[in-house]
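One structure is given here, and the rest of the page talks about it.
Please treat every number below as a calculation from the coordinates, not as lab data. Please read these numbers as outputs of a predicted model, since none were measured by experiment. Here Cβ is always computed from backbone atoms with ideal geometry, including for glycine, and neighbour counts include all displayed protein chains.
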């Protein structure tokens, strides 16, 4: 069995709504004791700290980016009412962009996020 990494992506579906998709990234490079994926491009990173009680409105991702949870917990909510919580050490790829030529509708597009737990949420954003 070959080594792989599961990329959890928040994407915009054909109907303009955010949804989750998982895909396997093969770890085909490196050495047997440290398998690597192919090198991926990035254009910068940002760190963010969100206080206890932080909650966003519905919004779309402006730039596709990896989101890594460093401390605290982060809940992502979708328009269908589903939620997914990410804990320290977990991550996802945020790419739920507003469809071209469409005006943002907070009842249809995007996702919301909030801090969960009793400590501030610290995240690392790495732009693709």
Counting other beta carbons within 10 Å of each residue's own, what order do 24, 122 fall into, fewest first?
24, 122
In whole angstrom, how far apart do the alpha carbon centroids of segment 6-33 and segment 80-113 sit?
15 Å
Only Cα pairs within less than 10 Å get springs; with that Gaussian network setup on the chain, which residue of 12, 28, 83 has the largest fluctuation?
28
Sort 60, 112 so that the residue with the fewest other Cβ atoms within 10 Å of its own Cβ comes first and the one with the most comes last.
112, 60
How high is the relative contact order of the chain, in percent, with contacts defined as C-alpha pairs under 8 Å that are six or more residues apart?
35 percent
Could you tell me the calculated FRET efficiency between residue 63 and residue 119, based on Cβ-Cβ distance and R0 = 41 angstrom, to the nearest 0.05?
0.90
Estimate the FRET efficiency between residue 38 and residue 97 by the formula 1/(1 + (r/R0)^6), using the beta-carbon distance for r and 25 Å for R0, to the nearest 0.05.
0.60
Report the gain in length on full extension from residue 7 to residue 70: 0.36 nm times residue separation, minus Cα-Cα distance, nm rounded to one decimal.
20.9 nm
Applying the gyration tensor rule to the Cα atoms of segment 9-51 (axes a ≥ b ≥ c; rounded if a/c under 1.5, else prolate if a/b exceeds b/c, else oblate), the class is oblate
Which of 52, 116, 67 has the fewest other C-beta atoms within 10 Å, and how do the rest follow up to the most?
52, 116, 67
If a/c stays under 1.5 just call it rounded; otherwise compare a/b with b/c (prolate if a/b is bigger, oblate if not). Do that for segment 59-128, with a ≥ b ≥ c from the square roots of the Cα gyration tensor eigenvalues.
oblate
Quick one: what does P(r) look like for segment 4-127 with 5 Å bins over all Cα pairs, in whole %?
2, 10, 18, 22, 19, 14, 8, 4, 1, 0
Please give the FRET efficiency for residue 85 paired with residue 29, using the beta carbon to beta carbon distance and R0 = 22 Å, rounded to the nearest 0.05.
0.10
